Ligand SMILES: NC(=O)c1ccc[n+]([C@@H]2O[C@H](COP(=O)([O-])OP(=O)(O)OC[C@H]3O[C@@H](n4cnc5c(N)ncnc54)[C@H](O)[C@@H]3O)[C@@H](O)[C@H]2O)c1
């Protein structure tokens, strides 16, 4: 088992292994970078095949959070934690409290929140052991509408840059996955006059969006070949890959899903095909903004302004990518690095 030599190790500040004898807790907290502030990122509870997979996941996910917080302009660093095991079998309130004690020993350097396999109720149990947790039942609640609103802003920015218009009336958008975020994104787009083509593995979700937003349903694999202006992936990761890229007729890829590019080189491939890509961690940062805002001086107006700023951030990325003749994904990474590689305080001095 290796951390320092793991391919995804990226100079992470801390990788903390936590264990609790009584509850059987085994967890790893990855803190990638705290130059901009404490590391915020969710707790993933997952039945990993082996510990090396858990290390890989925590290293990769915590690094991703640094980039997301930095590009969004939040005074936060990047961290993430994984709890090893099947949550359906081993998760108990006591185990979550024990996990809270591991977090507490880091004195606020890491702040946790919900992720795959953990719930708002779990955050409440963690809160019994540490104040360093967001997304409690008394907090800001479901982040999906906020994420969708940010994604909507991102689509507007991409349309402005690529199609040279502010007008969304009759814009054709294909949405892959109309779950929590996809549903609200369809709502915003419909209200703006866009025409929706949708798909989902869940027929009930499809029916609802057809009924409420006059969407046209298509088969799961047919979503790529639609004659649309925008393809919005809002389900799985890695849908931009060698099999799909040449099928995509849209001039814009802009959706909420995480890790849309199967590999980094697919950012270049989209560019080569004349498709403008809104980097996923930039356009879907609304959820992070929402969780980050959960402080005693929470102000919904500030949250709204930050989410709407996703538009400006993307315009900056698109313009710089054009000037430098680089993929937008490459430019977003460099911009994020410029923002987190120097400690915020040092930069201000
Ligand atoms: N919820 C948030 O605030 C948030 C924030 C940032 C990023 N994201 C990302 O956005 C995406 C959607 O998140 P969500 O919270 O809406 O999840 P969700 O589970 O509510 O929705 C995903 C939807 O995709 C559908 N789906 C699954 N496989 C599919 C397939 N092969 N083809 C078509 N549809 C498929 C599911 O049935 C579901 O309706 C995820 O990638 C998530 O990581 C979400």
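The values are calculated or read from the model by the stated rules, or taken from the named source; none is laboratory data. Predicted, not measured: the structure shown is a model, and the values here were computed from it. Quick reminder, even Gly has a Cβ in these numbers, built from the backbone with ideal geometry, and neighbours come from all protein chains shown.
A few comments on the model shown:
- Any hit, segment 290-299, residues being within 20 Å of the chain's Cα centre (by Cα) and modelled with pLDDT of 95 or more: no
- Considering only residues in segment 177-199 that are touching a strand residue (DSSP E or B) at 6+ places or on another chain (Cβ under 8 Å) and over 19 Å from residue 286 (Cα atoms), the one that is nearest to the ligand (Cβ to nearest atom) turns out to be 199.
- Residues that are assigned to a helix (DSSP H, G or I), assigned by TED's automatic domain parsing to the domain that holds residue 230, crowded, with 18+ Cβ neighbours inside 10 Å and over 24 Å from the mean Cα position of the chain (by Cα) do not occur anywhere in segment 160-174.
- Only one of the numbered conditions (1) in contact (Cβ under 8 Å) with a residue 24 or more places away in the chain; (2) surrounded by fewer than 21 Cβ atoms within 10 Å (Cβ to Cβ); (3) within 16 Å of the ligand (Cβ to nearest atom); (4) within 19 Å of residue 155 (Cβ to Cβ) is not met by residue 214, and that is (3).
- Filter result for residue 252 (surrounded by 17 or more Cβ atoms within 10 Å (Cβ to Cβ) and over 21 Å from the mean Cα position of the chain (by Cα)): no
- Of the residues making up segment 137-159, those that are assigned to a loop (DSSP other than H, G, I, E, B) and within 16 Å of the ligand (Cβ to nearest atom) number 5.
- Scanning segment 262-280 for residues that are more than 25 Å from residue 164 (Cα to Cα) and either out of contact with any strand residue (DSSP E or B) (no Cβ under 8 Å at 6 or more places or on another chain) or within 13 Å of the ligand (Cβ to nearest atom) (or both) yields 263, 264, 265.
- Any hit, segment 98-120, residues being more than 23 Å from the chain's Cα centre (by Cα), assigned by TED's automatic domain parsing to the domain that holds residue 199 and without any contact (Cβ under 8 Å) to a residue 60 or more places away in the chain: no
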